[in-house]
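Enquirer: This is the structure I have questions about; it appears just below.
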Amino acid sequence: MNNFAYYIFCGIVIIVAILAIKKVAGCLFRVVLLAIAAAVLAAVYYYFLK
C-alpha cells in the first residue's frame, strides 16, 4: 500500500465518519465515532506504512 492509496483511504474514512455523524443525534456517540475513525487511520498507518 503506497502513500497515495493511504490518502484515498483516509478520505473515504473521513467521509464515512462525517455521514455517520450526521445521521446520529447523540453528542457522545459522535465522539466515539470520531475516535474509532482516528484509531483506524492510526492502525493503518502503523501496520502498513511503518
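The values are calculated or read from the model by the stated rules, or taken from the named source; none is laboratory data. Predicted model only: the values in this text are computed from it and were never measured. FYI the Cβ positions are ideal-geometry reconstructions off the backbone, even for glycines, and counts take in every protein chain you see.
Enquirer: Give the range 5-19 a look and list any residue that's of a type outside the set (Phe, Trp, Tyr) and within 25 Å of LEU49 (Cβ to Cβ), or say none.
Expert: Hits for the range 5-19 are ALA5, ILE8, CYS10, GLY11, ILE12, VAL13, ILE14, ILE15, VAL16, ALA17, ILE18.
Enquirer: Just to check your reading of the model, which residue among ILE21, ILE12 is on the phi < 0 side of the Ramachandran plot, at pLDDT 80 or above and part of a helix (DSSP H, G or I)?
Expert: Step by step, each of ILE21, ILE12 is checked, and only ILE12 is on the phi < 0 side of the Ramachandran plot, at pLDDT 80 or above and part of a helix (DSSP H, G or I).
Enquirer: A further question on this structure: For the range 30-41, enumerate the residues that are loosely packed, with under 13 Cβ neighbours inside 10 Å and at pLDDT below 85.
Expert: Those that are loosely packed, with under 13 Cβ neighbours inside 10 Å and at pLDDT below 85: VAL31, VAL32.
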